[in-house]
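Worksheet: the structure to be examined is printed underneath.
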Amino acid sequence: MQSIAGALSFLGREAARIVLPAWCVACGVELPWRDRTASCCASCWKALPRITGVKCTSCALPLAGDDAAVRCIACQGSPLPVEWCEASCHYRGSMERVLHAFKFERHDFFDEPLAGLLEETMRVRGDLGFDAIVPVPMFRSKRRRRGYNQAELLARELSKKSGIRCRTDLLIRIQAGETQSTLARKERRANVRNAFHASHRAAERALLLVDDITTTGETLRACADELLRHDAARVCAIAVAKAV
Ligand SMILES: [Zn+2]
Ligand SMILES: [Zn+2]
């Protein structure tokens, strides 16, 4: 029964992908049947604002220069407890519109192509040494309202592409808190400080946290802190986009 339901919802998703979104979410052009990526036209997808230069190793902030092992000013005082943090794109322009559709307009079929960006970024970094991929969890009532956790969709697709298991049982969200984007920078850390709970099964595992957008990195910090408190061997983090 479960597999039939799964197949039906997959077919429903595929049908929606082909039939429903007729216009590019980024530029509004009518989408051709082929030459498109989910509900994004080929030229907008190609023009996504990739981060190509050096990034802060702690929060993925794009930096000037070519020194690969640097931290931004904010992270020099208080770096995230991750070995590295990566982001594929800047959160602006077409990327902002794609992620908005992915998150708020039920264009969940962006999961596969966006996970493709994550996988590419991981391969460029050259580090695939993880026991599990862990999506940043969403509080259950929020997940129920939205219908899905976009970070989990990304993590599952990244798992298929990389062959690394996706584990949603290692970290859960136990407090709703405010939406981080509505808070000032200095309020964000307190808002998520005790929001997550890790499982003892995280112990001795090398873990990769996955999220759609990272801004100040405080959510990733809280997740990584909690996993390390439960003796995770190492924690790294990757997001589709870095907002500033
Ligand atoms: Zn377009
Ligand atoms: Zn930084």
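Every number here is computed from the coordinates shown, using simple stated rules; none is lab data. Just so it is clear, the model here is predicted, and its values are computed rather than measured. Here Cβ is always computed from backbone atoms with ideal geometry, including for glycine, and neighbour counts include all displayed protein chains.
Let's see how each residue does on (1) out of contact with any Phe, Trp or Tyr (no Cβ under 7 Å at 6 or more places or on another chain); (2) surrounded by 17 or more Cβ atoms within 10 Å (Cβ to Cβ); (3) not hydroxyl-bearing (S, T, Y):
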site	(1), (2), (3)
Q150	no, yes, yes
R167	yes, yes, yes
E178	yes, no, yes
R193	yes, no, yes
R205	yes, yes, yes
G217	yes, yes, yes
L228	yes, yes, yes
A232	yes, yes, yes
How about the range 51-73: which of its residues are more than 19 Å from the chain's Cα centre (by Cα) and either within 16 Å of ligand 1 (Cβ to nearest atom) or not aliphatic (A, V, I, L, M) (or both)? G53, G65, D66, D67, R71, C72
For the range 232-244, pairs from a residue that is over 29 Å from R97 (Cα atoms) to a residue that is crowded, with 24+ Cβ neighbours inside 10 Å and not basic (K, R), with Cβ under 6 Å and 6 or more apart or across chains, are A232/A202; A232/L207; V235/V82; V235/L207; V235/A224; V235/L227
Could you tell me whether I133 is in contact with a strand residue (DSSP E or B) (Cβ under 8 Å, 6 or more places away or on another chain) and surrounded by 15 or more Cβ atoms within 10 Å (Cβ to Cβ)? yes
Residues satisfying the stated conditions in the range 184-220, i.e. more than 28 Å from G163 (Cβ to Cβ) and either in a helix (DSSP H, G or I) or among the aromatic types (F, W, Y) (or both): R185, K186, E187, R188, R189, A190, N191, V192, E218
Mind checking which residues of the range 134-164 are in a loop (DSSP other than H, G, I, E, B) and of a type in the set (S, T, N, Q)? N149
Name the residue, out of E112, E152, E86, that is out of contact with any strand residue (DSSP E or B) (no Cβ under 6 Å at 6 or more places or on another chain) and charged (D, E, K, R). E112
If we keep just the residues of the range 39-50 that are under 13 Å from S88 (Cβ atoms) and buried (at least 18 other Cβ atoms within 10 Å of the Cβ), which is nearest to the chain's Cα centre (by Cα)? L48
